[in-house]
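Participant: First, the structure itself, so that you have it in front of you.
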Amino acid sequence: MRIRSSSVLRLVLPSLLVACTPAQAPRPVPTVRAPVLPAAAPLVIAHRGASGHRPEHTLEGYTLAVQMGADFIEPDLVSTKDGVLVARHENEIGATTDVASKFASRKTRKVIDGDTISGWFTEDFTLAELRTLRANERLSFRSHAYDGQFLIPTFDEVLALADSLGRTRGHAVGVYPETKHPTYFRGIGLAIEEPMLRSLRARGLDRADAPVFIQSFESGNLRTLSKQTRIRLIQLVSTAPQVTPAALRDMATYAYGVGANTRQIVGGDSSAVPTTLIADAHAAGLRVHVWTLRPELVFLAKRYGGDPIAEVHEMLRLGVDGMFGDYPDQVVRGLRR
Ligand code: G3P
Ligand code: CA
């Protein structure tokens, strides 16, 4: 099943949605009307939620993203000490939570996938301990108005939220989990894949037409998953050798699509000459989803002249099938125009 953004039911959302924050009383979320997109529009994938507007990977950020018209919400997945999957971009949570002030003595240093990292790691904390934390905005130049308010959600809570929001708006809210450091987590006895599949199966989502994509920068776990589930898989890539025509043809033996950096699609700051990645991927039978559309000048290629909608239009013109954005409202606006 391909979720379409054009459903008429997308036009109006209820005036009040309730964010699920298990340790707090439900709070109303302000109304945002999701616009209607053209039927052929690429998927809008809310990168870590509406992470430009709310601290990343929070139920409040995911909810806002859906209200803004996102087709999919993206939880990056890591494990707790007691084997519960939670949504965090990395297992080190010092930059995105208040853990430093609450568990100062638990700071440590580890080597994760070859990088030496100092901080606080999800695999050293039980879920109950992580529940005492609150999310903070990662980037200094984004709003910190919501710091200290929102919980770290579990993957099960993200799935429950997507189900609830999908029922409310009348068509499915897709979920796009990414396995973070899967080899590392398997090596410490906290593998991500099995509990992820269990959660998806519990909700009847282990289907080729489910509104789910599973993504990974690693290929080993995707190749294994391709034998264990019919859920569509997306191979994330970051280097040129990963996207040669031959590599893409091999990728198509286990993956539904390729997730590429926008810079792998079209040049750098000044070049508007596209690479052959989209054409090669499509020739191999792969969909192409790009990450990450971000409007701030520190991220946006200079050739867009400060206009993030120009980037949306360029990706649309070049034929991508999905766009990850920190500001899903901007991606929706660009597609609607
Ligand atoms: O998953 C697509 C994109 O999110 C990959 O980058 O580092 O934000 O997970 P990252
Ligand atoms: Ca991700």
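The values are calculated or read from the model by the stated rules, or taken from the named source; none is laboratory data. Fair warning: this is a prediction, and the values are worked out from it, not measured in the lab. Glycine gets a Cβ as well: all are built from the backbone with ideal geometry, and neighbour counts include every protein chain shown. These accessible areas exclude ligands, DNA and RNA; they are computed on the full protein's heavy atoms, side chains included. Shrake-Rupley method; radii C 1.70, N 1.55, O 1.52, S 1.80 Å.
Participant: On a full-extension model of 0.36 nm per residue, what is the gain between Ala104 and Ser270, subtracting their alpha-carbon distance, rounded to one decimal in nm?
Facilitator: 55.3 nm
Participant: Here's something else I'd like to know. Under a Cβ-Cβ cut-off of 14 Å, what is the net charge of the residues other than Gly119 that fall near it, where Lys and Arg count +1 and Asp and Glu count -1?
Facilitator: After counting each charged neighbour, the total is +1.
Participant: Explain nothing, just the number: relative contact order of the range 41-166, from Cα pairs under 8 Å at least 6 residues apart, as a whole percent.
Facilitator: Relative contact order comes out at 27 percent.
Participant: Right, next: Expressed as a fraction of 2.2 N^0.38 Å, the rule-of-thumb size for a compact globular protein of N residues, what is the C-alpha radius of gyration of the range 267-311?
Facilitator: Working it through for the range 267-311, the quotient is 1.33.
Participant: As an exercise, use a Förster radius of 22 Å and the Cβ-Cβ distance of Asp250 and Gln228 to find the FRET efficiency, rounded to the nearest 0.05.
Facilitator: 0.70
Participant: Also, I was wondering about something else. Between Ile188 and Thr239, what length in nm is gained on full extension when 0.36 nm per residue of separation is reduced by their alpha carbon distance? Working shown, then result.
Facilitator: Details: separation 51, 0.36 × 51 = 18.36 nm, distance 2.75 nm.
Result: 15.6 nm gained on full extension.
Participant: Could you work out the local net charge near Leu225, counting Lys and Arg as +1, Asp and Glu as -1, over the other residues with Cβ closer than 15 Å to its Cβ? Each step should come with its number before you reach the end.
Facilitator: Details: positive: Lys180, Arg186, Arg198, Arg201, Arg207, Arg223, Lys227, Arg230, Arg232; negative: Glu178, Glu193, Glu194, Asp206, Glu218.
Its environment carries a net charge of +4.
Participant: Also: Report the residue, chosen from Gly69, Gly189, Gly148, that carries the largest GNM mean-square fluctuation when the chain is represented by alpha-carbon nodes joined by springs under 10 Å.
Facilitator: Most flexible of the set in this elastic network: Gly189.
Participant: Okay, moving on. How much length is gained if the chain between Ser118 and Ile309 is pulled fully straight, taking 0.36 nm per residue apart and subtracting their Cα-Cα distance, in nm to one decimal?
Facilitator: Extra length from Ser118 to Ile309 when fully extended: 65.0 nm.
Participant: Using θ = phi - 60° and the Karplus relation 6.51 cos²θ - 1.76 cosθ + 1.60, list the HN-Hα couplings for the range 106-113 in order, rounded to whole Hz, with x at every Gly or Pro.
Facilitator: Working through the residues one at a time gives 8, 5, 8, 10, 9, 9, 10, 6 Hz.
Participant: Once every Cα of the range 88-199 carries one equal point scatterer and solvent is ignored, give the base-10 log of I(q)/I(0) from the Debye formula at q = 0.11, 0.15, 0.17 Å⁻¹, two decimals.
Facilitator: Values, matching the q order: -0.43, -0.79, -0.99.
Participant: Then there is this: Once the other residues with Cβ under 14 Å from the Cβ of Pro153 are scored (Lys, Arg +1; Asp, Glu -1), what is the net sum? Could you put the intermediate results ahead of the total?
Facilitator: Details: positive: Arg48, Arg54, Arg88, Arg131, Arg134; negative: Glu56, Glu60, Glu74, Asp76, Asp156, Glu157, Asp163.
Once positives and negatives cancel, what remains is -2.
Participant: Which value, in Å², gives the accessible area per residue of the chain when a 1.4 Å probe is used on the protein heavy atoms?
Facilitator: Accessible area per residue, the chain: 39 Å².
Participant: Next up: Can you give me the % of accessible surface on the chain that is carbon or sulfur? Probe 1.4 Å, all protein chains present, nothing else counted.
Facilitator: Details: 7320 of 13200 Å².
Roughly 55 percent of what the probe reaches on the chain is carbon or sulfur.
Participant: So what is the diffusion coefficient of the chain in µm² per second by Stokes-Einstein at 10 °C and 1.306 mPa s, using a Kirkwood Rh over Cα pairs? Could you put the intermediate results ahead of the total?
Facilitator: Details: Rh = 20.2 Å.
Rounded to a whole number, D works out at 79 µm²/s.
Participant: Percent antiparallel among DSSP beta bridges with both residues in the chain, to the nearest 5?
Facilitator: Taking every DSSP beta bridge within the chain, about 35 percent pair in antiparallel fashion.
Participant: Sort out for me the Cα centre separation of the range 81-142 from the range 36-79, rounded to whole Å.
Facilitator: 22 Å
Participant: From the C-alpha coordinates alone, can you work out the Kirkwood hydrodynamic radius of the range 230-305, in Å?
Facilitator: For the range 230-305, inverting the mean 1/r across all distinct Cα pairs yields 13.0 Å.
Participant: Sort 226-239, 322-335 by the packing proxy (mean of other Cβ within 10 Å over each peptide's residues), most packed first.
Facilitator: 322-335, 226-239
Participant: Take every Cα-Cα distance within the range 143-275, group them into 5 Å bins from 0 onward, and report for each bin the whole-number percent of pairs it holds.
Facilitator: All Cα pairs, binned at 5 Å, distribute as 2, 9, 16, 17, 16, 15, 12, 8, 4, 0 percent.
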